[in-house]
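The numbers here are math on the coordinates, done by the rules we state, and not lab data. It should be emphasised that the depicted structure is a prediction, and the values quoted were computed from it without experimental measurement. Because the Cβ atoms are built from the backbone with ideal geometry, glycine has one as well, and the counts that use them run over all protein chains shown.
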Amino acid sequence: MQAKLIAACLSLAIGVAGCTDRSNGAGADEAGLSQVELVGKRVFFDTTLSNPPGQSCGSCHDPAAGFSGNFGGTAGVPLAADRLTPGLRNTPTASYARFTPAFTLVTVGTHQVAKGGQFLDGRAASLEDQAGMPFFSAGEMNLASVAELSERLAAAAYAPLIREAFGAEIFSDPQRLLQAATRAIAAFERTDRFAPFSSKLDNALAGYEVLSDLEQEGLRLFVDPVKGNCTACHSFNPESGVASERIFTDFSYHALGVPRNDRIPANADPAFFDLGLCGPRRARVADDALCAAFKVPTLRNVGRKQAFMHNGVFGTLREAVAFHARRGSGSPLDVPAAMRASVDFAVRPLGLDEGEIDAVTAFLRTLDDGFGPSRIPPT
């Protein structure tokens, strides 16, 4: 089976482009975690750290949803800690995030090219940087200050563990405590539970499973440069012994012209638009072609997501695949009229019929972890 899959990928010349537990308690789930990773796990799932209490990192990055999720939101975006206020963007998965390179922006000819970074707009350079931001976002955990976070961590049941990991004086310096907490969260997110490579496809590539005929057809379409050409952005190399080459993203940025999500309250204002990469980084991004561009996400665990695209406009995986198949027609674009030229129509529609959309959707579901044993590619 492994040889058959690799042969199918290589015959289409994609070798280069790229063919738990939520408790705070100890137990078997924590076996093998270092002291810092264990602190990170406790902080990640601690719902007392938000204002009002009730939301944790794990609320929006739920292991059961492939480390994504919308915390009870029904508009395709998560609710804030108050469980009332919808956010602006769909939650990106935290699974496989450790493989994301730091954000870079370079000029190639007359255009700028962006790559990497955490969040959908790359505004955090590392997992540590990303981990600290939701605590103080009004649309997320909504804490007022680093001092408030410090007080809540000091009152946590696992405060002695923090002292053991980071020193007896750690609670005397709120800024240092924040750095310790984000370091711990990042360490936890770098553990193999966030990147187990335990999907059906991983087990098939290792020779322990067989894809169905429909899934194999989906794989063929996915890698076919004439048909799906999905690997142009969602790259993977089935032959590689390097895990980072099987993440199903090249970490690039594209403005796809996604339909506007009218269920997001902020979109009721016709003048409001989420400008993606050229929003928070506008001072650095001089190229209008990057306006409304968002990072290409990993497709691992995509079948477990509750909403799709940066604004959560699609509620099912099949709808998202169908959008790519027919892109450029239908609903109004979620881009200001003056910036419509920035939409990357070079990322062409896939040209898939209904049966082929079903096949690609079936293949994408083989990327969900938890199907079988971990098959982390040997380095």
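Please work out how much length the chain gains when fully extended from residue 341 to residue 84, using 0.36 nm per residue of separation minus the C-alpha to C-alpha distance, in nm with one decimal.
89.0 nm
Based on alpha-carbon centroids, what's the gap between segment 249-310 and segment 104-130 in Å, whole number please?
Distance between centres, Cα-based: 13 Å.
If I stretch the segment between residue 272 and residue 30 completely, what's the gain in nm (0.36 nm per residue apart, minus their alpha carbon distance), one decimal? Kindly include the intermediate steps, with their values, before the conclusion.
On the way: separation 242, 0.36 × 242 = 87.12 nm, distance 4.44 nm.
Full extension of this stretch gives 82.7 nm more.
Let me know the number of lysine pairs in the chain closer than 26 Å at the Cα, not counting same-chain pairs under 8 apart.
For the chain, the number of qualifying lysine pairs is 12.
Hey, could you pull the Cα Rg and Dmax for the chain, both in Å?
20.9, 63
Out of the GluC sites (Glu not before Pro) in segment 64-167, which ones are loop residues according to DSSP with at most 14 other C-beta atoms within 10 Å?
Values: sites: 128, 140, 148, 151, 164; in loops: 140.
Qualifying residues, ordered by number: none.
When the label point is put 7 Å from the Cα of residue 319 along its Cα-to-beta-carbon vector, which residues of segment 50-85 have a backbone N closer than 15 Å?
The answer is 70, 73-78, whose backbone nitrogens lie closer than 15 Å to the label point.
In terms of modelled amide H atoms, which long-range or inter-chain residues lie less than 5 Å from the amide H of residue 209?
204
For the pair residue 144 and residue 47, how long in nm is the line joining their label points, each one 7 Å along Cα→Cβ?
The modelled label-to-label distance comes out at 2.4 nm.
So what are segment 53-152's ellipsoid semi-axes, whole angstrom, largest first, if each one is the square root of 5 times an eigenvalue of the alpha-carbon gyration tensor?
For segment 53-152, the ellipsoid semi-axes come out as 27, 16, 13 Å.
Once the Cβ-Cβ distance between residue 240 and residue 74 is put in as r, and R0 is 51 Å, what FRET efficiency do you end up with, to the nearest 0.05?
Working: r = 39 Å, r/R0 = 0.77.
Efficiency, rounded to the nearest 0.05: 0.80.
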